[in-house]
There are 2 protein chains.
Amino acid sequence: MASEHKVIPSVSLYLNAACDLPKEIEKAAKSNCSSVTVPIVHWNFNREFVREPLRSKHVQFTRSDLLLSSSQWAHKVISRIGDNLDLDSPIDHIRKQSERTIRQEMSFAEHLLQTGYLYTRLTKANCTNFARTVGCALARGTLLVEVPLSNPKLTQNSWRRDIGEEEQEVENPWHWWNNFRMHADGNAVLKVALELTADMPAQDEIYRWLGEPIDAIVLSSNIFLTNANNYPVLPKAHQLLVNRLFRTFGCHFILKANPNNGHIGNYVDYIRHTIQQNYTRDPAQGYEDYLQIPLQPLYDNLDSVTYEVFENDPVKYILYQNAIEQALFDRVPEEERETKTSIIMVVGGGRGPLVRAALNASKTTKCKVKVYVIEKNPNAIVTLTAHINELWLDGKVELISTDMREFNPPEKADILVSELLGSFGDNELSPECLDGAQKHLKENGISIPCQSTSYINPVFASKVYNQARTAERNIHSKDRIISSRHMEQVYVAYQKNSYHIDDPQELFQFVHPNKDTDPIDNSRYKTIQFRASIDCVMNGFTGYFDTVLYKDITLSIHPFTHTKGLLSWFSMFIPLTEPVQLKKGDAIMLHFWRCVATHKVWYEWCISEPVKTHVHNFDGRGHPIWQ
Amino acid sequence: MASEHKVIPSVSLYLNAACDLPKEIEKAAKSNCSSVTVPIVHWNFNREFVREPLRSKHVQFTRSDLLLSSSQWAHKVISRIGDNLDLDSPIDHIRKQSERTIRQEMSFAEHLLQTGYLYTRLTKANCTNFARTVGCALARGTLLVEVPLSNPKLTQNSWRRDIGEEEQEVENPWHWWNNFRMHADGNAVLKVALELTADMPAQDEIYRWLGEPIDAIVLSSNIFLTNANNYPVLPKAHQLLVNRLFRTFGCHFILKANPNNGHIGNYVDYIRHTIQQNYTRDPAQGYEDYLQIPLQPLYDNLDSVTYEVFENDPVKYILYQNAIEQALFDRVPEEERETKTSIIMVVGGGRGPLVRAALNASKTTKCKVKVYVIEKNPNAIVTLTAHINELWLDGKVELISTDMREFNPPEKADILVSELLGSFGDNELSPECLDGAQKHLKENGISIPCQSTSYINPVFASKVYNQARTAERNIHSKDRIISSRHMEQVYVAYQKNSYHIDDPQELFQFVHPNKDTDPIDNSRYKTIQFRASIDCVMNGFTGYFDTVLYKDITLSIHPFTHTKGLLSWFSMFIPLTEPVQLKKGDAIMLHFWRCVATHKVWYEWCISEPVKTHVHNFDGRGHPIWQ
């Protein structure tokens, strides 16, 4: 598939050392590498903190910052810190010397860069002091943390006959990163530089990485093969993974190859080629993993921009039109089509897309219709009135300017059409609205939609979670504050950077018209059990919905049944105030409530397995939906 | 042992129902019961929420509030809510009816009482919706939650031959309470009414309750025995437990007995008798589980009240005097006692208790001394100068008014005496101070103390934890806020309401004089492994210290070696921002740092097993100790 837009992934050349930094940058640029990844401190300089003379005076411990301009330091160099240090050594003086060394490197890095890239490497699970010294301390820029995709020991052991299969149980490097990240309290400055290894782990282990903040892919020349033309290529599985990671994260590349072999350019060309060949532009590009507060169209009036975005959905109104057509066919026998007028009520008309769908359906089915459009937003009424005066001139459309829960139409409807659904189905209060409006529907009348269902699954999604987590904090404050105002809120987001821990399950369902005996009770409570198939962390839930417009015409954002091309809804993200660490096989018992009071509706949630959490959003304190 | 002070534990009579409430209160009072525990809603009144006529109008659903004065409602009645309700029924309409019923009861309770007692009962582990509806909702007063000490099923099963030992695994009711409490986010309004059962659980399970907020002991007449005089008495094990709980919590009693058997008074008399007979006044009474911010005497000047409290310790200065005596004996051969003058330096003299100890030691040993007293607090210098002018007239005492880290005495000391120790040993910066002062000590001089060691163990302590947890919150705010300012702070508290999950282990040790090569590094890092012997929750750590004054003369607040009568130090409480739920057998891996910078010293801590927590108090953000 040819790419529609040219993307050029950037590649940084990883050097063990750089004697002449400007020259190395120049050389790398000739091979299309946009930067070099080098140790921040030149090995030629001695460093000593305990003994004289270096203990009591500051000396030059690395190359001068004047070698490069500050823009070059920021864009042409990824500064490596902590090479060959062990901050978790059991030997006290090694640990202390490592702490002093890396602190000096971090301090120099802050001197050089304000928002640039640092780079370091994890080699073991026991990294608590490393996480504390480095992971907690950095407050700006980005620290790339190199983690191998599979444990190097695994490869070594597989060559050794003396080690049986049962002894092969080695730590998965994801745990190294997870420990580092947890101890560092999920500091948003920390990103993963995932180093692909010759061994490719199981699918589940790869998926688990998709929830992590991956920023770079590290490719070593030794995982490349050579093709018939003697050019380096990646094995098929690695190719697929690289492209999947690039699509999810838009990450850049770090290339580990001998700079003197003369073929660096070939590796870079290959990386560019494989990315460009597999790239297709995401129509929702720009929205990835960006938290949004769900709309409350019942409480707030939508603005023109929002209406326009939704009206531009390529499939939604076509499916609405199809549903109305089907309903008209079913209600009006062929012989009555020219005589019988069907009453269609559009509740929540906005700027008129559903009216248009109804009028189109009337035209294609040759059924006569009268359309009442009910709308409460005075700004949208301007548009609707203009349409009636300028476009819909045949008097078929009548505007009723009021709240749909209170209006009093002159006649009852054959078909009630609405689009009150949010990303979680009922979260824009369609049940409350339609229960109020359904008294204007004829006994055997049809509601489009006639059913909506929400779905939910546990998730680990570092980027959206971090946004919620840091919403409360002043960036200059050192305080750690977790408050219900942001952590017990339901969000909407186009979630790409997420690991779905288990398949979605059905949560709540609402049917329209609602035939329950009065008073209708739209509160709900359900418990759902999920299971973790692998050690992982859960920091929230993803929510979806689907809806039956009419018979087999549906709209869905459920990942397994997603309506092709549908763009109007992103999924929900429902955070937990604290991440929960799960073991393989753990049951996750979710409790979810939909609560209804006079003036508001809200969700509450908690888990009771494998640990018990507090009830989130109690009494709607974090996120009430106003009626 | 006779009681020094008369304590009269209050007893409330538990009634299944009360037809004539004022009469029942009067009747109970005749048996020395100070109140009655009754259902808040009278069973005679119908309640219905779904069907007419009660659905749409409010009717009288219980007895009138005018039956009693508001003071009587508050002090003579414990109002029971939720009798015979199941808020976690899998059957939707039972659950919903239960929710409506208990909400009505809670609303009426709020109408009657502002800060009085409510009472409810847990009967199973599955209580998530109960916790949400009741446990999260109450914001004032106290809700007593009745929990049996052992599962009633256990007793039932032990009588049935068809149930083998292996089938006896029933839920421990502590889990019921734990689930309820966790889901309710540790709401401080919730207290335990622990119902003693005929079965007495294992010691560990009893200890676990000591960390919970127990407010009442429920005694049912059927666990009493009858003594030779036909009076009710408790079995020995129950007697011991009742007295232990009373000593820890000062709790009151709820008596479940048939009010018509005419012997209620005998039960009440017995309860009063056993408590009074076993009661001894705690010399630290009034300080129980009350969080205090540790003193920073190096940074702040102590006030007169604080000096007085510490000077009144009945054993501390006697032991200091003994240590100085021993040191003088060792340094001065018998034949030189009348000629040789030993130089004693008291660093941090305060109002002079150590000077007094030194002078006393001189007198008892007949060794000549010269005492330099160094003090930086200008207010204490007033006292010291007065003592020199009025009491210590022989010129043996010389005052040096300065910071001990900077002073310059005319001669070197034989003995350096200080009392710079905090509850955690080094937390008042004795290492930093003494390292500075030791240059004034002769080569073979003696430091008193010569060593201090801190100890730590994991703990669950609901009362102190809740104080830290709610310190940030405005009581009228519904927001849930957890911030580093209070949760990453080290506290001092007289901890009675606590469950010690494992034995204390040694943390950091400091030796004086410090012979380490310059520069002395007083930073420390240690990892310690503990183990949970039972399912439980950990919400922090308790810290202690001991110190060697000289040779075998020590001071200790370590629970296993606590110096008899020592009152000067309570233990430390070091919270975790989130409680950690532990399973029996879980390893707990604690990481603890002592960090030193130019102007401050601070501790950091985290755990890496069984879950990973963030590093607490990073960079001293929650609690710096200023140098």
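Here are the numbers for the structure shown:
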{"item": "Accessible-area composition of chain A, carbon plus sulfur, in percent [1.4 Å probe]", "result": "50 percent"}
{"item": "Label-point separation in nm, A:Glu171 to B:Glu609, each point 7 Å along Cα→Cβ", "result": "1.2 nm"}
{"item": "7 Å along Cα→Cβ, label-point gaps from B:Pro235 to other copies, nm, shortest first", "result": "6.7"}
{"item": "11 Å beta-carbon shell around A:Leu420, net charge (K/R +1, D/E -1)", "result": "-4"}
{"item": "Between region B:70-121 and region B:333-380, the Cα center-to-center distance that results, in Å", "result": "67 Å"}
{"item": "Number of partner chain Cβ atoms within 10 Å, mean per residue of A:615-627", "result": "3"}
{"item": "At R0 = 51 Å, FRET efficiency that the Cβ-Cβ distance of B:Leu225 and A:Gln529 yields, to 0.05", "result": "0.65"}
{"item": "Whole-Å distance, taken between Cα centres, linking region B:220-281 and region A:431-462", "result": "59 Å"}
{"item": "Assigned charges on the beta-carbon of Lys, Arg, Asp, Glu; region B:11-281 dipole about Cα centre (debye)", "result": "760 debye"}
{"item": "Rel. contact order, % - alpha carbon contacts under 8 angstrom, at least six apart, chain A", "result": "11 percent"}
{"item": "Whether region B:272-330 is rounded, prolate or oblate, judged on the alpha carbon gyration tensor where a/c under 1.5 counts as rounded", "result": "oblate"}
{"item": "Cα-based radius of gyration of region B:226-323 once divided by 2.2 N^0.38 Å, which approximates compact folds", "result": "1.75"}
{"item": "Cut-off under 5 Å, modelled amide H: who pairs with B:Phe545 long-range", "result": "B:Tyr455, B:Ile557, B:His558"}
{"item": "Spin-label pair A:Met589/B:Gln285, simplified geometry with 7 Å Cα→Cβ offset, distance in nm", "result": "4.4 nm"}
{"item": "Cross-link reach list, lysines versus A:Lys600, counting only Cα pairs under 30 Å and skipping chain neighbours closer than eight places", "result": "A:Lys316, A:Lys376, A:Lys412, A:Lys439, A:Lys442, A:Lys463, A:Lys515, A:Lys526, A:Lys612, B:Lys57, B:Lys96, B:Lys478"}
{"item": "Lysines whose Cα lies under 26 Å from that of A:Lys30, excluding same-chain neighbours fewer than 8 positions away", "result": "A:Lys6, A:Lys76, A:Lys256"}
{"item": "Solvent-accessible heavy-atom area per residue, rounded to whole Å², over the protein assembly as shown at 1.4 Å", "result": "44 Å²"}
{"item": "Prolate/oblate/rounded call for region B:432-545, Cα gyration tensor, a/c under 1.5 rounded", "result": "prolate"}
{"item": "Other copies of B:Asp300: label-to-label distances in nm, shortest first, labels 7 Å along the beta-carbon direction", "result": "4.6"}
{"item": "Exercise: per-residue mean of other protein chain Cβ atoms within 10 Å, B:589-597", "result": "1"}
{"item": "Whether chain A is rounded, prolate or oblate, judged on the alpha carbon gyration tensor where a/c under 1.5 counts as rounded", "result": "prolate"}
{"item": "Mean separation of Cα contacts under 8 Å, 6 or more apart, over the residue count of region A:11-281: relative contact order %", "result": "17 percent"}
{"item": "Förster radius 25 Å - calculated FRET efficiency between A:Ser69 and A:Asp20 (Cβ-Cβ, nearest 0.05)", "result": "0.95"}
{"item": "Per residue, the convex hull volume that the Cα atoms of the protein assembly as shown enclose (Å³)", "result": "256 Å³"}
{"item": "Number of partner chain Cβ atoms within 10 Å, mean per residue of B:603-614", "result": "5"}
{"item": "For the protein assembly as shown, size of Cβ-based charge dipole, Lys and Arg +1, Asp and Glu -1, in debye", "result": "640 debye"}
{"item": "Added length on full extension, which subtracts the Cα-Cα distance from 0.36 nm per residue, B:Glu443 to B:Asn312", "result": "43.7 nm"}
{"item": "Other-copy label distances relative to B:Asn389, 7 angstrom Cα-Cβ extension, nm", "result": "9.7"}
{"item": "Modelled FRET efficiency - R0 30 Å, A:Phe329 with A:Asp502, Cβ distances, 0.05 increments", "result": "0.15"}
{"item": "Computed Rg/Rh of region B:11-281, alpha carbon atoms with Kirkwood Rh", "result": "0.97"}
{"item": "Near-label residues of region A:291-308 by backbone N, under 20 Å of a point 7 Å along Cα→Cβ of A:Arg473", "result": "A:291-292"}
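The values are calculated or read from the model by the stated rules, or taken from the named source; none is laboratory data. No experiment lies behind these values; they were computed from the predicted model shown. With ideal geometry, Cβ positions are generated from the backbone for all residues, glycine too; neighbour counts draw on all protein chains shown. To get the accessible areas, we keep the full protein, side chains included, count just its heavy atoms, and leave off ligands, DNA and RNA. Shrake-Rupley method; radii C 1.70, N 1.55, O 1.52, S 1.80 Å.
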